[in-house]
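Please treat every number below as a calculation from the coordinates, not as lab data. Bear in mind the structure is a predicted one, so any value in this text is a computation, not a measurement. Here the Cβ positions follow ideal geometry from the backbone for every residue, glycine too, while neighbour counts run over all protein chains shown.
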Amino acid sequence: MVGTEIVSYDGIQLNRFAGRSVKLRRTSRLIEKTNGLVRTANWVYNCCEAKEASPAMRIGAVNYLNSKPLVYGFEQSAQGARLLYDLPSRLADSLVAGRLDVALIPSVEWLRRPGHVIVSDACVACCGPVLSVKLYFRVPPSQVRTLALDEGSRTSAILAQILLDKLANVYPACEPLSIGLGVDGSRADAVLLIGDRAISAGENDAVEIWDLGQKWFDWTGLPFVFAAWVARQHVETAELESLLTTARDRGVAHLADIAAAEAPLLGLDSDYAFRYLHDNLHFTLGPQELRGLQRFALLAVERGFVPRDAIRALTQFSSYGCTHQ
């Protein structure tokens, strides 16, 4: 009869049918182990897929010398974030278009969009001469009829028009100055340059040069805020604020190192670059900076450069800013 032959295995009597049952049980246990490995592999895959479904936060920064202290060591401390560099005006456009989540943008662009949120007290500001925002005149300021505006600028472009209005009583026709061009790139009566080009532009045979940071301070007695860290509405930034503050504090503590690394790339003396970062700029949005920003907002509303909602948003923000000092 099939399956009834008795055999002995380690002192245990089994028939051949039972022997096949042992093999089946071993096969069953192997299948269970294999299924377990498959379940584990699927779990790991799903976790990885979930991470891919939550893309890294996209953060835009300016590649000017004046912004280097704000991102010093940031990429090393902010794991999972993507730091992208561009011109201030383009960063503002990318933030609005949703290509960035957070960006260091011109302050006027925050005023234009009250739904956007300032997420850090790190900023680019001055209290006196700034060196990197200059207006070059071919004619006396009161005779200016045409004004060329650096395409990389937004805040400085508005500031230049406000100061020409208030200090020289002129309202010039504006034209763009393409990225990469200097004063000689336009025949306008006055030419605005910003950033590293303004630092190294020299006199350019101008009949007069305005440092807009100095002109603003002489007129108002207040600091001027050129740029701040801003997020789109509904972007989660709870952990980002401390990272940006840490990067700023680290950068301010290493200004000499930043100047030594960046100056040769710009054709500048490292001591000059250090003095620019240390003496002409500061990087904290405090109560006085907020007052300067409020004054600028009022003037920009008056000229129609920003909506009236900007005043309300700035008033709501002021208490937040002051708690960070």
Under 17 Å from the 7 Å Cα→Cβ point of V170, by amide nitrogen: which residues of the stretch 101-136? 134-136
What distance in nm lies between label points placed 7 Å from Cα along the C-beta direction at Q288 and W219? 2.0
Mean-position separation - Cα centroids, the stretch 147-172 and the stretch 212-231, in angstrom: 14
So for each of 83-95, 298-310 I average, over its residues, the number of other beta carbons within 10 Å; can you give me the resulting order with the highest mean first? 83-95, 298-310
E302-D271 pseudo-label distance in nm [points 7 Å out on the Cα-to-Cβ vector]: 4.3
Using a 10 Å cut-off on Cβ atoms, rank the peptides 172-182, 280-290, 151-161 from the highest mean neighbour count down. 151-161, 280-290, 172-182
Rounded to the nearest 20 Debye, what is the dipole magnitude of the stretch 155-234 about its Cα centre when Lys and Arg each give +1 and Asp and Glu each give -1 at the C-beta? 400
At most 12 other Cβ within 10 Å, DSSP loop - GluC sites (Glu not before Pro), the stretch 223-260: E236, E239
Can you find, among G251, V225, V235, the residue sitting farthest towards the positive end of the charge dipole of the stretch 210-264, where Lys and Arg contribute +1 and Asp and Glu -1 at Cβ? V225
